Each structure stands twice: as structure tokens, then as C-alpha cells.
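Chemist: Dropping a structure here in C-alpha cells format, bear with me for questions.
The values are calculated or read from the model by the stated rules, or taken from the named source; none is laboratory data. The model shown is predicted, which means the values in this text are computed figures rather than measured ones. Reconstructed Cβ throughout: ideal geometry from the backbone, glycine too, with neighbour counts over all protein chains shown. For the accessible areas, the whole protein counts, side chains as well, though only heavy atoms, and no ligand, DNA or RNA atoms are used. Shrake-Rupley method; radii C 1.70, N 1.55, O 1.52, S 1.80 Å.
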Amino acid sequence: MLEPDARVVLLDQLRPPPGYRLSAAVATTFTLDLSTAVIPPLAFASFEIRGTPDPVAALEAVRACTDKVDIFCQAGQIVVTGRHSDLMAYLEPMVHPVRRPKAGFLFHPKVWFLGYQAEGEPERYRLLCSTRNLTDSHAWDAVVTLDGVAGTQDLSSNRPLAALIRHLPQLAVGPIGGERVDRVRALAAAAMKVQWDLPENVNEVTFHAFGVPRVPARPDFSGYRHLVVSPFCDDAGIAELTELSRGDVTIVSRPEALDQLRADSLEGRSTFILNPLAVLNSSATDSEDAASSGSPRPDLDTLSGLHAKLTVVERHHRAHVFIGSPNATSAGYGGNVEFAVELRGGASKLGVDTYLGGGAPFAELLQEYKGG
């Protein structure tokens with residue numbers, strides 16, 4: 001789970017491996033705060049010019065880094081919070097608003113795919129699959145960080161990631177420079193060949209791209225124990241994730257979302273919300289994410305601090321942990337462009353008790369939902 005200090009966490013996640021420097025990066029987000037979008041090029045520039053006293057050299061380094069980064073976001077969801085910076089003038093070439101995939105649905109993935117180079121060393125890559133938009137949010141989120149090295153052959157397991165990246169320029173509402181399109185396509189081709197380092201306790205990683213042409217997403221949510229964490233949910237989305245459950249189901253959401261569910265969607269299920277003591281007032285950009293769920297936009301004063309999207313399924317003594325952008329809604333799994341990573345490992349290490357068992361940090365943030 002990500003704590004609310006978005007800037008420090010993002011800087012750490014973008015930091016190149018020792019001895020490497022950024023070669024290219026592509027990012028996706030639903031809402032884009034230009035004040036926050038300044039941070040990545042500033043970070044990459046600072047990694048490359050540590051200690052230089054020359055402000056002109058520093059500005060040139062920032063400009064050079066914006067030439068290596070492309071950010072795709074939902075059209076109409078670009079905002080500016082906080083103080084306007086002159087550095088925002090550098091952002092225009094790298095920010096690409098995209099159209100809706102189809103009427104009634106939205107572009108909603110939250111992914112970074114980055115390439116790093118070092119002389120005499122193999123190319124390295126990093127994937128950040130987050131539940132957080134590129135905004136200065138004050139909500140609880142989750143993220144998967146995967147590092148890998150360039151391989152020599154295409155891997156079918158990487159196809160959903162490569163297909164999402166390759167599809168991005170086709171969604172743009174305006175023209176994109178040829179060099180940028182070529183770089184995005186090159187990153188898509190590179191994504192097919194990455195051999196990923198597996199995180200601790202994980203023995204398999206699977207990618208799921210939703211709403212991307214010719215790449216059907218068919219995640220398997222069947223099992224005997226389920227945990228669904230989602231700030232927005234509806235009856236169809238809960239059914240999508242839990243209708244094949246043969247046992248315990250726990251749902252964690254925002255109270256205003258749970259209030260809208262039918263009684264049969266909650267019957268026999270454990271339901272929780274964040275304890276108010278663990279909640280910070282969410283920023284306006286959090287509420288804008290409600291549009292992607294198909295739910296009414298709640299009042300800012302009623303928003304809780306939960307923004308993580310996490311589903312844990314146990315079957316055959318193994319755990320399947322899905323982290324990514326889809327909310328537990330019909331739109332999240334039935335029309336939006338979304339992306340999620342599935343981590344597989346032993347149930348004793350990655351299962352529901354990892355989050356809800358005695359002493360689990362996440363469980364200590366929760367309180368029982370009493371109904372609206």
C-alpha cells in the first residue's frame with residue numbers, strides 16, 4: 001500500500017538502477033495534474049546532473065528528459081493544482097490526451113514502462129502498475145513494481161503489456177510527433193522481450209489489459225476465498241469478481257459505494273471501510289476518478305481516503321493477487337481501458353490473511369461497515 005506522500009514514493013520508483021540512465025518512458029493515467037507531471041522529468045534530470053551549479057544546464061537536462069517521456073491521459077481530465085510553474089511549458093510535447101475507447105467508457109490505466117541504459121550493460125526495464133493517477137492525491141493506493149532485463153525472444157506472457165503500449169498513439173485526440181510515435185512503438189516491441197525479476201514470494205506474473213483490441217482479458221476469479229478492495233463498486237462489478245466464489249468473501253470499499261449496493265451483493269459477506277483515523281480528506285482529483293466507475297460523483301466532503309484496487313483470490317492453496325486500475329464495477333471490467341498485474345504464489349505468503357490476518361498492517365486500518 002502506498003502512503004499519501006506521492007512525490008517521495010514516485011521519485012523512488014522512477015530512480016534508475018545504479019550506473020544506468022533513462023532511455024525512454026511511457027506512462028498512462030486517467031487524471032493528470034500538471035503540477036505533479038513536472039516531477040518525473042525533474043527527477044530524471046536530477047539523477048543525471050547531480051551537483052551541477054549551472055541553472056541553464058539544469059533546465060536543458062529537464063528539457064532533454066521531457067523528450068524521452070510520453071504521458072497519455074483521458075481527454076478533459078488535465079488539471080492544475082497548487083502553484084503554476086514555468087517548467088510546465090516543457091510538458092506540452094510529452095502530454096497526450098486520449099479519446100474514450102467507446103461511448104460511455106473511459107481510458108483509465110495507471111502504468112509506467114521505463115527503459116534504462118548503461119554502457120556495456122544489458123538494457124533494463126521497469127514496470128509500475130499502480131492504482132494512483134499522476135496527481136498529488138492524498139489517498140491510500142497500491143502499486144506493483146517489476147524490474148527486468150532485455151531478452152532475445154518475444155514472450156507471449158508480455159503481450160497484454162506490449163499491446164496496451166502499442167495502442168496508445170491510436171487513442172490520441174491530436175497528432176503526435178513521428179519520433180515520439182516511433183519511440184512508443186519501440187518500447188512496445190521491447191516490452192515483448194523483457195524477462196522479469198520475480199518479487200519475493202511470487203513465482204509467476206501475469207498481465208491483464210482490458211479494452212485493448214485483439215487482446216482479450218480473461219482473468220480467473222474462481223476460488224474458495226476472496227478479498228476485494230475497491231473505492232468504487234457496483235453490483236455487476238462485485239458479481240464479476242465473486243460470483244464463482246465457493247467460500248468467504250470480504251469487501252473493502254468506501255461507505256458511499258457500499259451504500260449503493262443491493263442487499264444480495266453484501267449478503268453473507270464481510271464488509272469493511274477505512275477507519276476514519278486512517279483517512280485523509282481526498283483531493284478533488286480523487287473524486288474525478290469516480291467517473292471511471294460509472295458511479296455518481298460524490299461530494300468532496302464525503303470522500304474517504306481509499307483509492308487502492310486490489311483483489312486476492314485463493315484456490316488450490318495458492319493466491320492470485322490482482323493489482324491495477326480496474327474498480328469493482330461493470331465499467332472497470334466491461335468497457336474501460338484498464339490494466340492489472342496478477343501475482344501468483346503460495347496462499348500462506350500472498351493470501352487473504354496477508355492483508356486481514358492478526359497483526360496485518362492493512363487490517364489495522366479497517367473498521368466494520370454498518371450500513372447506510
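Chemist: So is SER304 of a type in the set (S, T, N, Q), touching a helix residue (DSSP H, G or I) at 6+ places or on another chain (Cβ under 9 Å) and at pLDDT 95 or above or not? Steps first, please.
Modeler: Numbers: of a type in the set (S, T, N, Q): yes; touching a helix residue (DSSP H, G or I) at 6+ places or on another chain (Cβ under 9 Å): yes; at pLDDT 95 or above: no.
So SER304 does not fit the description; no.
Chemist: Among the numbered criteria (1) at pLDDT 95 or above; (2) touching a helix residue (DSSP H, G or I) at 6+ places or on another chain (Cβ under 8 Å); (3) open to solvent by 20 Å² or more (accessible area, probe 1.4 Å), which one does GLY346 miss?
Modeler: (2)
Chemist: For the condition in a loop (DSSP other than H, G, I, E, B) and in contact (Cβ under 8 Å) with a residue 60 or more places away in the chain, what is the one hit in GLY104, GLY120?
Modeler: Details: GLY120 fails: in contact (Cβ under 8 Å) with a residue 60 or more places away in the chain.
Result of the check over GLY104, GLY120: GLY104.
Chemist: Check VAL202, VAL229, VAL144 and return the single one that is in contact with a Cys (Cβ under 6 Å, 6 or more places away or on another chain) and open to solvent by less than 40 Å² (accessible area, probe 1.4 Å).
Modeler: VAL144
Chemist: Kindly check whether there is at least one residue in the stretch 162-178 that is within 13 Å of the chain's Cα centre (by Cα), assigned to a loop (DSSP other than H, G, I, E, B) and either modelled with pLDDT of 95 or more or crowded, with 17+ Cβ neighbours inside 10 Å (or both).
Modeler: no
Chemist: Working only within the stretch 49-93, note down all residues that are assigned to a helix (DSSP H, G or I), at pLDDT below 80 and open to solvent by 60 Å² or more (accessible area, probe 1.4 Å).
Modeler: Those that are assigned to a helix (DSSP H, G or I), at pLDDT below 80 and open to solvent by 60 Å² or more (accessible area, probe 1.4 Å): PRO55, VAL56, LEU59, GLU60, ARG63, ASP86, ALA89, TYR90.
Chemist: Restricting attention to the stretch 349-372, and to residues there that are among the aliphatic types (A, V, I, L, M) and farther than 21 Å from CYS129 by Cβ, which single residue is least open to solvent (accessible area, probe 1.4 Å)?
Modeler: Per the stated criteria, the residue is ALA360.
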